[in-house]
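Remarks on the structure that follows.
None of the figures in this text is laboratory data; all of them are computed from the coordinates on show. All values reported here derive from a predicted model rather than from experimental measurement. All Cβ positions, even for glycine, are placed from backbone atoms using ideal geometry, and neighbour counts span all protein chains on display.
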Amino acid sequence: MLVGKQFFFLLIFLVSSLFIYSAELILLDGSVHKGDVSFKDNFFVVKGKAFPIGTVLEIKLSKGFPQKLESQHRIFTIDGSCFLGAVKTGSDSKIKVWDVESQPYEIQLSKVHAISFKEIKKNVTYRSPVNNNYIVMVHGKVIKCDLEFFTFVNVGVKVGKNSLKLKKSLINRLNLRPKTKINPDHNIILKSRYGDSIYGKLLKLGLNIEIETVLGTKVFDSSDVLSLELVSDSIKYLNDLKPTKIETVPYLDMIQKPTFNQGLFGGSVKIRKKRYNTGICMQSRTTITYNIEKKYSRFEAEIALDIANAFSGNADFIVLGDGKLLYKKNVSLKYTMIKVDVPIKGVTNLSLKLDYGKNGSSGDFGIWGSPRLIK
């Protein structure tokens, strides 16, 4: 029989398991509601106010950055999710993986789009072949191949009639098959402090967060989750659109061409330790324009200069709507990250521009992390 303190602590546990503490619920209109957040029947509730899931942009649980464990690999599934785990062994049909808590489980390779083992070296670029079965080495060499097996150290592949063993530590990416469409029932993207970015259907919100994913039901401790982003027709990532115009003007005689969803010098899009699944990188002076057909009311992004590839830098981040200045921020390397939220209602042509600051274009390597449009 439960008495006294035992009953009290059980009651606290049962109640707290129904919501998450001190989160920020951000609506599509930009308003922020802070407090304990619960979820039931497709409504989020904060301080007695209920918000339909379709009105919510994001729930922030932590202000931290993803911290990838060095022993972990990135497993990209066919729906575009990224699961962190250490690929140990496997065949051409399934792999055995240890999660971040060293708990083993299996993944059918039919669900896997690609696996990333190591970062590609700086200033290395490569062209992906049309064939979906290939490996990219960390120095940029691309090998068309068929997968045979995994060991703790190597990946076994077949190139023509020859079988090769390639060390995981020298492989940037193993590509297996194309992505497919996201399950329409999957309405959130869960982002963890380890670097997971997982599409799923939210089942439970509390001390544990439970979501249905392409790999089955997954449970996360809420302390390991940075945010829950809602998947909605009201949100459009800028890189899902094709630019109508790209203009580059070198300060002297050379300029880096802008890159989309990868760093200006190769690798992932990163601001400090935070990695972005989608982003635009450019050197001053660069202007990229999109036709957004007056469909959206707000533009959001996170901006900074690339501290990893420069010792100095000073540039103006500019947002233009139909040629008119909507936003301008002078940024130097001392800024860690700045959030941009710009009203764009009625805008047809949206332009992102990185302009010269105080030092010409020296070190002006600008990053627009997760640039997105909101209706």
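Apply the Karplus curve 6.51 cos²θ - 1.76 cosθ + 1.60, θ = phi - 60°, to the phi angles in segment 212-227 and return the couplings in whole Hz, x for Gly and Pro.
Listing the rounded values in order: 8, 10, 5, 9, x, 6, 10, 10, 10, 5, 4, 5, 9, 9, 7, 7 Hz.
Among all the lysines, which ones have a C-alpha under 17 Å from LYS47's C-alpha, if same-chain residues fewer than 8 places away are not counted?
Once the sequence-local lysines are set aside, what remains near LYS47 is LYS34, LYS60.
Among PHE220, PHE76, what is the fewest-to-most ranking by other Cβ atoms within 10 Å?
Working: PHE220 17, PHE76 21.
By the 10 Å Cβ count, ascending: PHE220, PHE76.
Show the residues, 5+ positions off or on another chain, whose built amide H is closer than 5 Å to the amide H of HIS73.
Correct list: GLY85, ALA86, VAL87.
Do me a favour and compute the ellipsoid semi-axes for segment 20-60 from its Cα gyration tensor, root of five times each eigenvalue, largest one first, whole Å. Before the final figure, lay out the partial values.
Numbers: eigenvalues 35, 31, 13 Å².
Rounded to whole Å, the semi-axes are 13, 12, 8.
Would you mind checking the pairs LYS245/LYS375; LYS121/LYS168; LYS245/LYS294; LYS96/LYS144; LYS294/LYS375 and listing those with alpha carbons more than 19 angstrom apart? Working shown, then result.
Details: LYS245/LYS375 23 Å; LYS121/LYS168 15 Å; LYS245/LYS294 17 Å; LYS96/LYS144 24 Å; LYS294/LYS375 9 Å.
Listed pairs above 19 Å: LYS245/LYS375; LYS96/LYS144.
For the chain, what's the relative contact order in percent, using C-alpha pairs closer than 8 Å and at least 6 residues apart? Let's see the in-between values first.
Values: 951 pairs, mean separation 50.6, N = 375.
Computed value for the chain: 14 percent relative contact order.
Taking the Cα centre of the chain as origin, sum charge times position over the Cβ atoms of Lys and Arg (+1) and Asp and Glu (-1), and report the length of that vector in debye to the nearest 20. Walk me through the numbers before you get to the answer.
On the way: 56 positive and 34 negative charges, 158 e Å.
Computed charge dipole of the chain: roughly 760 debye.
Past 32 Å, Cα to Cα, is the threshold; run LYS122/LYS324; LYS122/LYS218; LYS179/LYS204; LYS94/LYS141 against it and keep the listed order. List each step's numbers first, then the result.
Working: LYS122/LYS324 36 Å; LYS122/LYS218 34 Å; LYS179/LYS204 27 Å; LYS94/LYS141 26 Å.
Table pairs above 32 Å Cα-Cα are LYS122/LYS324; LYS122/LYS218.
Using only alpha carbon positions, build the gyration tensor of the chain, then give the equivalent ellipsoid semi-axes as the square roots of 5 times its eigenvalues, largest first, whole angstrom.
Working: eigenvalues 234, 203, 66 Å².
Whole-Å semi-axes of the equivalent ellipsoid: 34, 32, 18.
Which ³J(HN,Hα) values, rounded to whole Hz and listed in residue order, are derived for segment 176-192 from phi using the Karplus coefficients 6.51, -1.76 and 1.60 in 6.51 cos²θ - 1.76 cosθ + 1.60 with θ = phi - 60°, glycine and proline given as x?
Karplus-based 3J(HN,Hα) across segment 176-192 equals 10, 7, x, 6, 10, 6, 5, 4, x, 7, 7, 10, 9, 10, 8, 10, 9 Hz.
Which residues' amide hydrogens lie under 5 Å from the amide hydrogen of LEU203, considering only partners 5 or more residues apart or on another chain, with H built in the peptide plane?
Amide H neighbours of LEU203, under 5 Å, 5+ apart: GLU210, ILE211, GLU212.
For the ranges 121-130, 30-39, 350-359, what's the packing order if you count other beta-carbon atoms within 10 Å of each residue, average per peptide, and put the highest first? Present the calculation step by step, with values, prior to reporting the outcome.
On the way: 121-130: 11.6, 30-39: 15.7, 350-359: 20.3.
Averaged packing, sorted descending, gives the order 350-359, 30-39, 121-130.
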